[in-house]
Amino acid sequence: MSEKEATLLNTTDASPDEVLIVEDDPNITEILSLYLTGAGYEVHTACNGREGLDTLQKNRISAVLVDIMMPVINGYDFIREARIFSDVPILVISARTQAADKMLGLNLGADGYVTKPFDPVEVIAYVQAVLRRYRYSQTTTSSIPMQDDKKVIAVRDLIFDSEKLVLRKKDEIIPLTATELKIMMRFMRAPGRIFTKTQLYETVTGETFGSADESVMVHISNIRAKLGDTGTNAPYIKTVRGLGYRLEA
């Protein structure tokens, strides 16, 4: 490990986060554990998805690194089941490089996708980035100001309650994740306004860099599905080609 790498890895908080590695290749587990430990993280390991789910439930895990092709329960099913009870950041680390594989992982609830072979230092930086974004989301979701300090905003048959952080379609509560909620809050505050993918990415993460196109597209797709916005003549969220998205007033 170079001096530059060691300097990067030693910039950690006083209280270490716990990171779970779910990977059936012991060599990859060993190298990731070495670098994560060097970066100041406490590391848990699991060799299949079932063991990973058990470990995630029994410990205070801050982030997960998960492979796709594993015995017992694969990575996709791990993500699907983990999202039932946990919203911690999940990064896929896989040799599968097809766009369809990446989109499936993100659609199921992963926060990022790293392809093998990888640079361990880049993985550490990725872990640090998703933890920053997760904490930003946790601390700001309930504090985003509403237009004119309104507690309730209505757009068509959508009603957003800023105190309860609940979105309703008519009388039905729409179950949104924290990320989806923040995107809809931005739309509801300015119906008819076009937001670029970068602007929406900044809303979610507080940062101006990253895979804005891919991640925002996935979140918008998930929101549309929950709103029943697919195949309708009057969609709630409209794509403005070459510009971004807007909430139709």
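The values are calculated or read from the model by the stated rules, or taken from the named source; none is laboratory data. Here the structure is a predicted model, which means the values were calculated and not measured. Methodologically, a virtual Cβ is constructed for each residue, glycine included, from the backbone with ideal geometry; neighbour enumeration extends over all protein chains shown. Surface accessibility is based on the protein's heavy atoms, side chains included, excluding ligands, DNA and RNA. Shrake-Rupley method; radii C 1.70, N 1.55, O 1.52, S 1.80 Å.
Between their Cα atoms, which of Lys102/Lys197; Lys58/Lys116; Lys102/Lys182; Lys169/Lys226; Lys164/Lys197; Lys197/Lys238 are more than 21 Å away from each other? Please list the in-between numbers first.
Details: Lys102/Lys197 19 Å; Lys58/Lys116 29 Å; Lys102/Lys182 23 Å; Lys169/Lys226 10 Å; Lys164/Lys197 27 Å; Lys197/Lys238 13 Å.
Pairs exceeding 21 Å: Lys58/Lys116; Lys102/Lys182; Lys164/Lys197.
Given a Förster radius of 51 Å and the C-beta distance between Glu172 and Leu34 as r, what FRET efficiency does 1/(1 + (r/R0)^6) yield to the nearest 0.05? The partial results should precede the final answer.
Values: r = 49 Å, r/R0 = 0.97.
After rounding, the FRET efficiency stands at 0.55.
All other residues with a Cβ under 12 Å from the Cβ of Arg60 taken together, and with Lys, Arg as +1 and Asp, Glu as -1, what is their net charge? Please report the intermediate quantities before stating the final value.
Working: positive: Lys58; negative: Asp17, Glu18, Glu42.
After counting each charged neighbour, the total is -2.
Per residue, how many Å² of accessible area does the range 10-128 show with a 1.4 Å probe?
Numbers: 5490 Å² over 119 residues.
For the range 10-128, the per-residue accessible area is 46 Å².
Roughly how many nanometres apart are two label points built 7 Å out from the Cα toward the Cβ at Arg83 and Ala190?
2.8
Between Lys226 and Glu122, how high is the FRET efficiency from 1/(1 + (r/R0)^6) when r is the Cβ-Cβ distance and R₀ = 25 Å? Nearest 0.05.
Working from the Cβ atoms, E equals 0.15.
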